[in-house]
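Here the structure is laid out as structure tokens; the discussion comes afterwards.
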Amino acid sequence: MKQIQTDKAPAAVGPYSQAVVSHGLVYTSGQIAIDPVTNTVKGTTITEQTEQIMKNLKAVLEEASSGFDLAVKTTCFLADMNDFAAFNEVYGKYFTSLPARSCVAVKTLPKGVLAEVEVIAEVADYSY
């Protein structure tokens with residue numbers, strides 16, 4: 001097992017890693033709309049926050065030698081299901097390979113953000 005850490009995504013704020021690679025798969029921790037430079041929430045709308053989430057996921061996946069095109073499963077958490085259509089529009093620009101997905105509404109998310117996304121993806125250079 002290999003822990004993944006990049007300065008291009010928000011640092012873990014607890015006893016966990018940004019991601020872990022195990023047996024050819026990368027498992028990301030949930031990413032929210034935190035700008036890794038300012039360590040503050042970026043954006044006030046679901047569209048703005050989802051764009052930042054995707055930037056953070058991209059950085060973590062790339063550090064693990066993976067990418068959106070290698071995603072096999074995502075789990076998405078929304079603070080309000082009324083944001084689903086706008087969230088889905090941004091999400092669809094990045095996950096064009098159509099991985100399996102769960103999307104649920106939750107009562108609250110860290111820092112009062114509107115969404116959180118975690119990914120399981122293949123690692124590009126893994127030998128099977």
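Summary of values
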read-out: Of all residues making up the stretch 1-45, the number that are aliphatic (A, V, I, L, M) and either farther than 22 Å from Ala71 by Cα or modelled with pLDDT under 95 (or both); value: 6
read-out: Filtered residues of the stretch 70-84 (kept if surrounded by fewer than 17 Cβ atoms within 10 Å (Cβ to Cβ), under 21 Å from Val41 (Cα atoms) and not β-branched (Val, Ile, Thr)); value: Asp80, Met81, Asn82, Phe84
read-out: Some residue of the stretch 29-46 being assigned to a helix (DSSP H, G or I) and farther than 12 Å from Ile4 by Cα; value: yes
read-out: Among the residues listed as Lys73, Lys58, the single one being assigned to a helix (DSSP H, G or I) and within 23 Å of His23 (Cα to Cα); value: Lys58
read-out: Any hit, the stretch 41-52, residues being over 18 Å from Ala121 (Cβ atoms), surrounded by fewer than 21 Cβ atoms within 10 Å (Cβ to Cβ) and in contact with a strand residue (DSSP E or B) (Cβ under 8 Å, 6 or more places away or on another chain); value: yes
read-out: Answer from Glu122, Glu89 - the residue that is among the charged types (D, E, K, R) and either farther than 21 Å from Gly43 by Cα or under 14 Å from the mean Cα position of the chain (by Cα) (or both); value: Glu122
read-out: Filtered residue count, the stretch 94-109, keeping only those that are out of contact with any helix residue (DSSP H, G or I) (no Cβ under 8 Å at 6 or more places or on another chain), among the hydrophobic types (A, V, I, L, M, F, W, C) and in contact (Cβ under 8 Å) with a residue 12 or more places away in the chain; value: 4
read-out: Unique match (being surrounded by 12 or more Cβ atoms within 10 Å (Cβ to Cβ) and touching a residue at least 60 places away in the same chain (Cβ under 8 Å)) among Gly30, Gly112, Gly67; value: Gly30
read-out: Lone qualifier among Asp69, Asp7 - being under 15 Å from Ala124 (Cβ atoms) and out of contact with any Asp or Glu (no Cβ under 7 Å at 6 or more places or on another chain); value: Asp69
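The values are calculated or read from the model by the stated rules, or taken from the named source; none is laboratory data. As the structure is a computational prediction, the values presented were derived from the model and not from experiment. Cβ coordinates were reconstructed from backbone atoms using ideal geometry, including for glycine residues, and neighbour counts include every protein chain displayed.
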